[in-house]
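The values are calculated or read from the model by the stated rules, or taken from the named source; none is laboratory data. Nothing here was measured: the structure is a model prediction, and the numbers come from that model. Note: ideal-geometry Cβ built from the backbone for every residue, glycine included; neighbour counts use all protein chains shown. Accessible surface is based on the protein model in full, side chains and every heavy atom, while ligands, DNA and RNA are left aside. Shrake-Rupley method; radii C 1.70, N 1.55, O 1.52, S 1.80 Å.
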2 protein chains.
Amino acid sequence: MRISQLAETTGVPVATIKYYLREGLLPEGERTSATQARYGDNHVRRLRLVRALLGAGGLSVAGARAVLGQLDGEHETVAEVLGVAQSAVTTTAPEGVDLSRAEALVAGWGWTIDPGSADVLAALEVAVDGLEAAGFELPDGTLDGYARSMAEVAEAEIAGIPVDSVDAAVQYVVLGTVLVEPLLLALRRLAQQDASWRRFGP
Amino acid sequence: MRISQLAETTGVPVATIKYYLREGLLPEGERTSATQARYGDNHVRRLRLVRALLGAGGLSVAGARAVLGQLDGEHETVAEVLGVAQSAVTTTAPEGVDLSRAEALVAGWGWTIDPGSADVLAALEVAVDGLEAAGFELPDGTLDGYARSMAEVAEAEIAGIPVDSVDAAVQYVVLGTVLVEPLLLALRRLAQQDASWRRFGP
């Protein structure tokens, strides 16, 4: 199909499609003349994915490019796929963050962590430091409770990884990491409203 | 203290403090001459809070200003405090989002939601639509499992709200909403690594 038909099929304006092409989020079509190219169903699927990453996923163009690069790359093991998916969406740790508190917490919960995941540990450290810096003290046991709930979430997610195809596993892990985060945060806010209503009444 | 001492005490450069003053994130000091002002402990505390919101909280200057406005405002009930805290950090829903799926999900879980919280419902709708648009199908029961885990998190959080002081409740709810989100996301990623290690081995 031509670019105008691709736009019609997906509801994405031609100018936006051209922008994604320039930014490398969408592969070039098959050139049919100096000014025209032909696009296929793979472009329709990729375009929907790009919209999801930039929209619901809340990624920047650079972030989406990194995630798509992971989807297109070659991968061996589930741990490797998980590692690259997580690093594509985790902010690089500022230099010199002391990870000792995050490491102690994780060890206390008995979790085994990918040794190459300093950025994810740093995200925990920064979050905990941020609470402290703001003078916000979590009630006793709250952090352990959060860890338990997230372990529950993660357990189910890892159990759901398709094991018959590396491609399907990559798709599942990358999108599950990026697109499920806003879902969890929205659910938490709604659940807070319900819990507040039940506790404090109408 | 002078602005130079405020900078020394908090480790925030004078130029940054001046920027926060201009942006209304920090109240003016008490003017002692045409070019000098005096700052107090309340400025030290507020400055730490601003750093936490912009840093660990990941808020924009406009977002931080909205949250601080809520902290400074007057509030009556816990539900009201929760509502303003959530709306300060929830992206305004795009016009014309059909909320019927989000409403059906929430009703299915038996949750009671603040009728004024269309933006939070829209966040759920956008997240679910985003998964679908990306061609990512959650395994059966996964969404219900997410809802259960988040209900557990929310239940403990609401139970921990200080009820003896509205100010303390506002601080708890606003900071708990903003600063705990990155904490939960970091915990989920680390828990996924552990679950993956236990399931797929070293």
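Points worth noting:
- For A:Ala37, label point 7 Å along C-beta direction: distances to other copies, nm: 5.4
- For the rotational copy relationship between B and A, the axis lies nearest to a chain B beta carbon, identified with its distance in whole angstrom as B:Ser149, 2.
- Springs between Cα atoms under 10 Å define the GNM used for chain A, and in it the highest mean-square fluctuation of A:Ser149, A:Ser87, A:Ser33 occurs at A:Ser33.
- Checking every one of the GluC sites (Glu not before Pro) in the stretch A:119-160 against DSSP loop status and a limit of 15 other Cβ atoms within 10 Å picks out A:Glu137.
- Gaussian network model of chain A, Cα within-10 Å springs - most flexible of A:Gly24, A:Gly83, A:Gly11: A:Gly11
- Take B:Gly160, move 7 Å from Cα toward the beta carbon, and the resulting point lies 2.6 nm from the same point in each other copy, nearest first.
- Once C-alpha pairs closer than 8 Å and six or more residues apart are averaged by separation and normalised to the residue number of the stretch B:7-94, the relative contact order reads 20 percent.
- When accessible surface is computed with a 1.4 Å probe, chains B and A are found to bury approximately 6900 Å² between them, both chains counted.
- Inter-copy separations for B:Gln5, label at 7 Å along Cα-Cβ, nm, ascending: 7.5
- Shape parameters for the stretch A:1-108, alpha-carbon atoms, Rg then Dmax in Å: 18.5, 63
- Projected area averaged over orientations for the protein assembly as shown, convex hull of C-alpha atoms, nm²: 23.4
- With protein chains left intact and a 1.4 Å probe, residues in chain A average 48 Å² of accessible area per residue.
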